[in-house]
1. Taking region 145-154 on its own, how many of its residues are part of a loop (DSSP other than H, G, I, E, B) and modelled with pLDDT of 95 or more?
2. May I ask you to verify whether Gly296 is more than 13 Å from the ligand (Cβ to nearest atom), without any contact (Cβ under 8 Å) to a residue 12 or more places away in the chain and under 21 Å from Val132 (Cα atoms)?
3. Being part of a loop (DSSP other than H, G, I, E, B), within 14 Å of the ligand (Cβ to nearest atom), in contact with an Asp or Glu (Cβ under 8 Å, 6 or more places away or on another chain) and aliphatic (A, V, I, L, M), is that true of even one residue in region 328-343?
4. Taking Pro144, is it more than 14 Å from the ligand (Cβ to nearest atom), under 21 Å from Phe288 (Cα atoms), in contact (Cβ under 8 Å) with a residue 60 or more places away in the chain and not acidic (Asp, Glu)?
5. With the condition kept exactly as written, say whether any residue in region 258-265 is β-branched (Val, Ile, Thr), modelled with pLDDT under 95 and part of a helix (DSSP H, G or I).
6. Tell me yes or no: at least one residue of region 110-133 is modelled with pLDDT of 90 or more and of a type in the set (Ser, Thr, Tyr).
7. From the list Gly208, Gly216, which residue is surrounded by 15 or more Cβ atoms within 10 Å (Cβ to Cβ) and either of a type in the set (Phe, Trp, Tyr) or within 16 Å of the ligand (Cβ to nearest atom) (or both)?
8. Run Ala191 past the list (1) modelled with pLDDT of 95 or more; (2) touching a strand residue (DSSP E or B) at 6+ places or on another chain (Cβ under 8 Å) and report the number of the one that doesn't hold.
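The values are calculated or read from the model by the stated rules, or taken from the named source; none is laboratory data. The shown structure was predicted, so the numbers you read here are calculated from the model rather than taken from an experiment. Positions of Cβ are generated from backbone atoms using ideal geometry, with glycine treated the same way; all protein chains shown enter the neighbour counts.
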Amino acid sequence: MEEILRVVIGLIVLAAAFFTVSMLISRARAAGGSTGTIERRTRPAGTRTAPVRQGPAGVREEKAYVAPTGLAERVRALFRGGEATEETWRRLEEALIRADVGPRAASDLVARVRENLDTSADPAEVLVREIVGMFEGDGVWAVPSGAPAIVMVVGVNGTGKTTTIGKLAHLLSREGHRVTLAASDTFRAAAGEQLETWADRTGAHLVGQERGADPGAVAFDAVQAARARGSDVLIVDTAGRLHTRQPLMDELTKVKRVLEKAGGGVDEVLLVLDATTGQNGIAQARAFTEAVGVTGAVLAKMDGTARGGIVLAVREELGVPVRLVGVGEKLDDLVPFDPETFARRLVA
Ligand code: GDP
């Protein structure tokens, strides 16, 4: 009898403890969700909370989940819980614009996902697939051929133009091509010296002149020198001060004309874009494309946290394919652009 009584008391104590703990947990939950907002914006870093929902008995529930640090989680969260509504699509577009893909590319992507999303698929995966699809037909970058092939490199100062030229020279010489560099940015004091350092490191031949010299004259000399030395590729550095200033664009047009005349044609005009650049990258790309007909983009500084969404905008709005990606400041840090790697990183 005493035994049974002890068991009953034990059960009562256990039930009381369980009840107290449940009460404490539900109070703590209610306190956490006290703002009453339906959806909170993602915080720049750290945790994000899920929408506050009304539970079956009108009890407020708030499910905390691991911070969606990127687009993938945001996209999955958008499509979680049933049918996509107009609001879902609007938010997807907004999320893409925030990832710097530009309004046009964002709207095109939403249309593609809308068309191809079936309810069983992972929406983030569908988005990746559709981003890859936007680069369809661009092909992998191949070293242009010529005697020599002429590659003109343009871009705003600071984007990584000179570093890209150095790395490109290395990539080409590693593949057995002889390279000449033309220091046609005669405006910026350090440009020539910087290029000289890269020429030394890569074994490329450098053609330059004093600061303030005519960039067209340097380009002309470089074509002659590259020919005389039997170079396979001539890479021409150009000035990159404010792309909005007409004199720069006039100067670039002139350099290109000289190269065409002296070298018989420019095989590639590469525009270097900084992956950390936001929407301003489109304006840069447009200005350079109008002036010198950009044939490909190089996305520099992809080794940091930047996702480089801007190239999607540039690809979509100007039809410029992305050719190479800069992933650091060392010689080997230039790699061919791979749409799938890019899409996964953007959506991650
Ligand atoms: P330019 O003015 O356009 O010729 O730019 P620079 O080539 O001088 O580069 C500007 C800065 O960006 C320098 O400090 C470079 O070392 C750095 N940089 C260039 N490309 C990359 C890259 O792919 N990754 C990183 N982390 N830094 C880069």
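1. Of the residues in region 145-154, the ones part of a loop (DSSP other than H, G, I, E, B) are 145-148.
Now drop any that are not modelled with pLDDT of 95 or more, which leaves 148.
The number of residues fulfilling the criteria is 1.
2. Working: more than 13 Å from the ligand (Cβ to nearest atom): yes; without any contact (Cβ under 8 Å) to a residue 12 or more places away in the chain: no; under 21 Å from Val132 (Cα atoms): yes.
The answer is no for Gly296.
3. no
4. Working: more than 14 Å from the ligand (Cβ to nearest atom): yes; under 21 Å from Phe288 (Cα atoms): yes; in contact (Cβ under 8 Å) with a residue 60 or more places away in the chain: yes; not acidic (Asp, Glu): yes.
Yes.
5. Within region 258-265, the first condition is being β-branched (Val, Ile, Thr), and the residues that meet it are 258.
If we keep only those that are modelled with pLDDT under 95 too, we end up with none.
Checked region 258-265: no residue is β-branched (Val, Ile, Thr), modelled with pLDDT under 95 and part of a helix (DSSP H, G or I).
6. Checking region 110-133: not a single residue is modelled with pLDDT of 90 or more and of a type in the set (Ser, Thr, Tyr).
7. On the way: Gly216 fails: either of a type in the set (Phe, Trp, Tyr) or within 16 Å of the ligand (Cβ to nearest atom) (or both).
Selected residue: Gly208, the only one of Gly208, Gly216 that is surrounded by 15 or more Cβ atoms within 10 Å (Cβ to Cβ) and either of a type in the set (Phe, Trp, Tyr) or within 16 Å of the ligand (Cβ to nearest atom) (or both).
8. (1) is the only condition that Ala191 fails.
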